[in-house]
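What follows is a single structure, written as structure tokens, with notes after it.
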Amino acid sequence: MHNILARNKRLKLLLTPLILFGIISMAMALSVVFKYRTLEEISQMPLERMVIGFIETLALVFFYNYVVRKLNVKFPWDRNWLIRSFIDFGIALLIPVMLITLINVAFNYGWLKPHDHDDKYKIMIYIMPLMVSALLMVVVEMIVSTEERNKLEVKLANIEKEQIVSKYSALKEQLDHHFLFNNLSVLSSLIYESTEKADRFIQDFASIYRYVLSINKQDLVTVNEELEFISTYLNLYKFRFEEGFSYSLKVDEKFHNYLIPPLTLQVVVENVFKHNVVSRHQPLTLEIKNTDNFLVIENNMQVKNSKEVSTRTGQQNIIEKYKLLNCELPVFKAQDDKYIAQIPIIKPSHD
């Protein structure tokens, strides 16, 4: 990955002089169109001068790239923008001045063929290097700043991802502990009722907790896995309340391969029993079905006459999990004499 990034960086720098020569070529073509120069004058430009100009420009680009990266460490724009502006201006001015000086020295010593100092010559020798140098400095600054900004964005995205994974793992761990605590409380009450019931409960509970442990590292499970788990879980309540509780599962098989955060149904069901009266005289009914891409958990409302205020921690945990997964959020609502939880299920990516 590092080699690919380094290669892309070099390619960007190599493209810079090509872009520059493209601009110059376009300027020459326009000068012919507007009759500032003739095609014959342009065609008489020596090829070796163009090749040397390209090599010089390329060398200048790599030099500026090196200088800009060093300056970004010692004089970053966000903290030393004024000093950095003067430094960039000085470098962009110094290089062409040095080049012009060398050219004049070469003329004076006869290393280069003398040339009539007409206006076009002065523009090519004195003005063009300054313009090209300034343009290359700006382009290199833009390339480097874009690369550093992209690196920063990738770094921030990775940090955010790590935070999400950490937060989601902590949330699942919290639910696992909550699950264990509540079921041990149920077991404690059953021991006083019947040791036979308690023994059977322990066996079923062991089966359920194996599922909890098996999905501990998973962010999503299939709807089928969650339904099998919740069926066993509801059987424990059926075993405990007998005629005081009944339930039904009516989920279309075509949705069984869809995905859902693990233990979501368990949290919803747990809240149903936490906030409603369950007895032979006031039986509680619960239905799990599907509507489009939602699992709907519906129960009759017979709220306990308790002064305890609901913290809605369970519902908030479910919503938080869906936020972390960047999915459509669940909906919880009371409608007529029923309480309804609508839990989105996620279509597998391979479907």
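The values are calculated or read from the model by the stated rules, or taken from the named source; none is laboratory data. Note that the coordinates shown come from a computational prediction; the quantities given were computed from them, not determined experimentally. FYI the Cβ positions are ideal-geometry reconstructions off the backbone, even for glycines, and counts take in every protein chain you see. SASA here: full protein model, heavy atoms, side chains in, ligands and nucleic acids out. Shrake-Rupley method; radii C 1.70, N 1.55, O 1.52, S 1.80 Å.
Identify, from the list N271, N305, N317, the residue that is over 24 Å from Y209 (Cβ atoms) and either at pLDDT below 90 or basic (K, R) (or both).
Working: N271 fails: over 24 Å from Y209 (Cβ atoms); N317 fails: over 24 Å from Y209 (Cβ atoms).
Testing whether each residue is over 24 Å from Y209 (Cβ atoms) and either at pLDDT below 90 or basic (K, R) (or both) leaves just N305.
Against the conditions (1) surrounded by 16 or more Cβ atoms within 10 Å (Cβ to Cβ); (2) modelled with pLDDT under 90; (3) over 21 Å from R240 (Cα atoms); (4) not hydrophobic (A, V, I, L, M, F, W, C), where does N290 fall short? Just the number, please.
Status for N290: all satisfied but (2).
Could you check how many residues of the range 255-276 are under 11 Å from N300 (Cβ atoms) and either surrounded by fewer than 16 Cβ atoms within 10 Å (Cβ to Cβ) or of a type in the set (D, E) (or both)? Talk me through it step by step, then tell me what you get.
Of all residues in the range 255-276, those under 11 Å from N300 (Cβ atoms) come to 272, 276.
Remaining after also requiring either surrounded by fewer than 16 Cβ atoms within 10 Å (Cβ to Cβ) or of a type in the set (D, E) (or both): none.
Number satisfying all stated conditions: 0.
Going residue by residue through the range 307-328, is there one that turns out to be surrounded by fewer than 18 Cβ atoms within 10 Å (Cβ to Cβ) and assigned to a strand (DSSP E or B)?
For the range 307-328, residues surrounded by fewer than 18 Cβ atoms within 10 Å (Cβ to Cβ) and assigned to a strand (DSSP E or B): absent.
Kindly provide the set of residues from the range 70-103 that are more than 30 Å from R149 (Cα to Cα) and modelled with pLDDT of 70 or more, ordered by number.
Here is the first cut: in the range 70-103, the ones more than 30 Å from R149 (Cα to Cα) are 97-103.
Those that are more than 30 Å from R149 (Cα to Cα) and modelled with pLDDT of 70 or more: V97, M98, L99, I100, T101, L102.
Output the residues belonging to the range 186-206 that are under 29 Å from I346 (Cα atoms) and open to solvent by less than 50 Å² (accessible area, probe 1.4 Å). Break it down stepwise before answering.
Our first condition is that a residue be under 29 Å from I346 (Cα atoms); within the range 186-206, this holds for 204-206.
The answer is F205, A206.
Quick one: what pairs do we get from the range 276-294, first residue without any contact (Cβ under 8 Å) to a residue 60 or more places away in the chain and under 13 Å from F255 (Cα atoms), second of a type in the set (K, R) and outside any strand (DSSP E or B), C-beta under 8 Å, 6+ apart or different chains?
Filtered contacts from the range 276-294: N293/K347.
Picking from L227, L234, which residue would you name as being buried (at least 17 other Cβ atoms within 10 Å of the Cβ), more than 29 Å from the chain's Cα centre (by Cα) and within 20 Å of M301 (Cβ to Cβ)?
Matching residue, one of L227, L234: L234.
With respect to the numbered conditions (1) among the hydrophobic types (A, V, I, L, M, F, W, C); (2) open to solvent by less than 30 Å² (accessible area, probe 1.4 Å); (3) part of a strand (DSSP E or B), which one is the sole condition not fulfilled by L249?
(2)
Which residue, of K217, K197, is free of Cβ contacts under 8 Å to residues at least 12 places away in the same chain and in contact with a helix residue (DSSP H, G or I) (Cβ under 9 Å, 6 or more places away or on another chain)? Lay out the reasoning, then the answer.
Values: K197 fails: free of Cβ contacts under 8 Å to residues at least 12 places away in the same chain.
Among K217, K197, only K217 is free of Cβ contacts under 8 Å to residues at least 12 places away in the same chain and in contact with a helix residue (DSSP H, G or I) (Cβ under 9 Å, 6 or more places away or on another chain).
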